[in-house]
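To start, the structure under review is shown below, and the notes come after it.
The values are calculated or read from the model by the stated rules, or taken from the named source; none is laboratory data. Predicted model only: the values in this text are computed from it and were never measured. Heads up, the Cβs are rebuilt from the backbone with ideal geometry, glycines too, and the neighbour counts pull from every protein chain shown. When the accessible area is computed, the model is the full protein with side chains, heavy atoms only, and any ligands, DNA or RNA have been set aside. Shrake-Rupley method; radii C 1.70, N 1.55, O 1.52, S 1.80 Å.
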Amino acid sequence: MSDLMPSALPTEADYRRYDRIWRKVSPELNPYPEVRAAQPALTMEPRPGEERDCMGAAARGELDAIRDFLRDELADAQTYRHLASLAPSPEGKRLMRRLAEEEAGHVRALQTSHFLITGGTYPVTVVLPPQPKLLWRDRLRERYHEETSGGARYARAAEETADVCLKKLFERLSADEYRHAESLRRLLERTL
């Protein structure tokens, strides 16, 4: 029976894999010096044409921006859920629900990035202030401007980051925000 059971002890390949993980998570630590001594060819320097480490040291400087984006996206998701209940048409209700779900997806993507960079989640909660009584078209106009502003902020963050993976994420979120603005503009066209 014992020869059917795999060994519970880590193998040399396991230690090499553990070392590669440590190099990504905390390159300044060396918990497996014997592995690194045995394989000096392992290096964190990228080969020519290879992308730099994603969500690593370069991304740590972006944590404040990620946290700001998280708060904004969560507030947007809550706002769209609220607007879905106020929409005067089934089309408006569907769009507001879809936008709420997409904004919640942005929250998940940003929270995942935060976790990859820090190893912890960011406990974010947003309480919306009382919403002013506005006409539906005025709410659409307000949301349109919020989405275009968000798209511009993500585009600026993508240009400024040194982290390749964050750049891709910010570019994707920027495109989503501009797409949301366009959806709102089309709904407003049918509303006026």
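The table below gives the values:
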{"item": "Residue-normalised accessible area of segment 53-192, given per residue in Å² at a 1.4 Å probe", "result": "53 Å²"}
{"item": "Order by protection proxy (mean Cβ within 10 Å, highest first), peptides 70-76, 147-153, 89-95", "result": "70-76, 147-153, 89-95"}
{"item": "Inter-label distance, nm, simple model (7 Å from Cα along the C-beta direction), ARG172/ASP138", "result": "3.8 nm"}
{"item": "Average projection area in nm² (convex hull over Cα atoms of segment 84-138, one quarter of hull surface)", "result": "4.8 nm²"}
{"item": "Derived scalar couplings ³J(HN,Hα) [segment 57-73; Karplus, 6.51 cos²θ - 1.76 cosθ + 1.60; whole Hz; x for Gly, Pro]", "result": "4, 4, 7, 4, x, 9, 4, 4, 5, 4, 5, 4, 4, 4, 4, 5, 5"}
{"item": "Reciprocal of mean inverse Cα separation for segment 139-182 (Kirkwood radius, Å)", "result": "10.3 Å"}
{"item": "Relative intensity, log₁₀ I(q)/I(0), of segment 86-188 from a Debye sum that treats every alpha carbon as a point, q = 0.13, 0.17, 0.22 Å⁻¹", "result": "-0.56, -0.89, -1.24"}
{"item": "Share of carbon and sulfur in the accessible heavy-atom surface of segment 152-192 [1.4 Å probe, %]", "result": "53 percent"}
